[in-house]
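Attaching a single structure in structure tokens format; questions to follow.
The values are calculated or read from the model by the stated rules, or taken from the named source; none is laboratory data. Just so you know, these numbers come straight off a predicted model, no measurement behind them. Quick reminder, even Gly has a Cβ in these numbers, built from the backbone with ideal geometry, and neighbours come from all protein chains shown. Areas reflect the complete protein model, heavy atoms only, side chains present, ligands, DNA and RNA absent. Shrake-Rupley method; radii C 1.70, N 1.55, O 1.52, S 1.80 Å.
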Amino acid sequence: MSTRRKSIVAGNWKMNLDAAKARSLTEAVAARAAEAGSVDLVLCPPALYATTVAAALGLAAGGSPSGVALGGQNAHDKESGAFTGEVAPGMLRDIGSRYCILGHSERRTLFGETDSVVNAKVKAVLAAGLTPIVCVGESLAERESGRTEAVVTEQVLGSLAGIPADDLATIVVAYEPVWAIGTGKVATPQQAQDVHALVRALLARLSSPTVADTIRIQYGGSVKPDNAAELAACPDIDGALVGGASLKADDFLAIAKAFG
Ligand code: PEP
């Protein structure tokens, strides 16, 4: 973690919880957010529960904001139209979201999202005034065949093509090795740091070293309270994108604290 960048820890709830559990988890995180210190906290619930979470975070009209931000897990690249089942970036913004995860490996592998699809979504989310959290990461086969650098390079350059430096300066990138997501196999701090340094060099190529130095890069993949501190100690790891452990307030806050 750099002293130049404020850490950001986001919870990706995926397709979990029900409305009552979403509300109580949000309330528990919001009530104890101060424990995380100076870390940006983001909750990314299933789209159907986003308004419930927004209300519990005090983001609804007349509410008193808790300081914890709301994010989407995905968005369409169009503003509106005949796209059954989809959510527009402006809709996320409308209910108080500030962030949106894009290009998560589950979207890439299960829903066929290519770098060019992710790139269109990044542009649409930026145009709606949201901060994209852009996910990249190699599979186990790609790592074992020595292709990590090539795969991550292609994903970063493809997903962020044509984004002006001013906009790039506002985004968040999440490095999530696919083999570490939901498997309990966390990357070693050195493995993670090496790829984070590569991502930052690529961001410098797309903008400038000065801009790249301000961009926050999260690590994601089986982050837990007991491995967060060693990841947080790495110079280019500026927070975490947390799946499973974000479903428990204690674990999520303990991880955030490690980055505080
Ligand atoms: C994720 O899905 O973004 C993730 C990192 O999941 P987990 O923490 O469960 O590995």
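Across every pair of different alpha-carbon atoms, what Kirkwood hydrodynamic radius in Å does region 8-258 reach?
Final number for the Kirkwood radius of region 8-258 is 18.0 Å.
How large is ³J(HN,Hα) for each residue in region 239-245, as worked out from phi by the Karplus curve 6.51 cos²θ - 1.76 cosθ + 1.60 (θ = phi - 60°), to whole Hz, x for Gly and Pro?
My calculation for region 239-245 gives x, 9, 9, 10, x, x, 6 Hz in order.
Here's another thing I want to ask about it. Quick one: Karplus J couplings for region 80-88, per residue in order, coefficients 6.51, -1.76, 1.60, θ = phi - 60°, nearest Hz, x for Gly and Pro?
5, x, 7, 9, 3, x, 9, 10, 7
A further question follows. Using only the heavy atoms of the protein chains and a 1.4 Å probe, how would T210, T114 rank by accessible area, largest first?
Of T210, T114, the descending order of accessible area is T210, T114.
Can I ask one more? What size of dipole, in debye to the nearest 20, comes out for the chain about its Cα centre when the only charges are +1 on Lys and Arg C-beta atoms and -1 on Asp and Glu C-beta atoms?
On the way: 23 positive and 27 negative charges, 75 e Å.
I would put it at about 360 debye.
Give me, ordered by chain and number, the residues 5 or more places off G220 or on other chains with an amide H under 5 Å from its own placed amide H.
The list, which skips near neighbours in sequence, is Y175, E176, L241.
Give me the percent relative contact order of the chain, please, defined on Cα pairs under 8 angstrom at least 6 residues apart. The partial results should precede the final answer.
On the way: 543 pairs, mean separation 60.1, N = 260.
Once divided by the residue count of the chain, the mean separation gives 23 percent.
Using the Karplus equation 6.51 cos²θ - 1.76 cosθ + 1.60 (θ = phi - 60°), what ³J(HN,Hα) coupling, rounded to whole Hz, does each residue of region 31-48 give in order, writing x for Gly and Pro?
5, 10, 4, 4, 4, 7, x, 8, 10, 6, 10, 9, 10, 10, x, x, 3, 5
Run the reach check for K123 against lysines, Cα to Cα strictly under 24 Å, same-chain hits fewer than 8 apart removed. What comes back?
Within the straight-line cut-off, K123 pairs with K6, K14, K78.
For a quick check, take a GNM of the chain with Cα springs below 10 Å and name the residue from A192, A88, A150 with the largest mean-square fluctuation.
A150
Calculated from DSSP H runs of 4 or more alone, at -39500 (n - 2.57) each and per residue, what is the 222 nm mean residue ellipticity of the chain, nearest 500?
Values: 12 runs with 106 residues, N = 260.
That comes out to -11500 deg cm²/dmol.
Largest first, how would D236, D77, D226 line up by accessible area (1.4 Å probe)?
Values: D236 25, D77 50, D226 135 Å².
Descending accessible area places them as D226, D77, D236.
Give the cross-link partners of K224 among the aspartates and glutamates, using a straight C-alpha distance below 13 Å as the criterion and excluding same-chain residues fewer than 8 apart.
D250, D251
Pick from I101, I163, I133 the residue whose mean-square fluctuation is largest in a GNM of the chain, springs joining Cα atoms under 10 Å.
I163
Still on this structure, please answer the following. What size of dipole, in debye to the nearest 20, comes out for region 86-208 about its Cα centre when the only charges are +1 on Lys and Arg C-beta atoms and -1 on Asp and Glu C-beta atoms?
So the magnitude is around 180 debye.
Compute the distance in nm between two label points, each set 7 Å from the Cα along the Cα-to-Cβ direction, one at A165 and one at A127.
In this crude spin-label approximation the distance works out to 2.4 nm.
Now for a different question. Just want the answer: with Cβ charges of +1 for Lys and Arg and -1 for Asp and Glu, which residue in Q190, L41, L168 is farthest toward the dipole's positive end in the chain?
Projecting each Cα onto the dipole axis, the largest value belongs to L41.
Something else: Between I95 and D226, what length comes free when the chain is fully extended (0.36 nm per residue of separation minus the Cα-Cα distance, one decimal in nm)?
Details: separation 131, 0.36 × 131 = 47.16 nm, distance 3.43 nm.
Length gained between I95 and D226: 43.7 nm.
If amide H atoms are built 1.01 Å from N in the plane of the peptide, which residues on other chains or at least 5 residues away come under 5 Å of the amide H of N74?
Those lying under 5 Å, H to H, from N74 are I101.
Once you've got the GNM for the chain with C-alpha springs shorter than 10 Å, pick whichever of G96, G182, G244 has the biggest mean-square fluctuation.
G182
Still on this structure, I have one more. Using +1 at the C-beta of Lys and Arg and -1 at the C-beta of Asp and Glu, which of N227, V178, V53 has the Cα lying farthest in the positive direction of the dipole of the chain?
The residue sitting farthest along the positive end of the dipole is V53.
Shifting gears a bit: What is the distance, in nm, between label points placed 7 Å from the Cα along the Cα-to-Cβ direction at D194 and at S145?
A separation of 1.8 nm, rounded to one decimal place.
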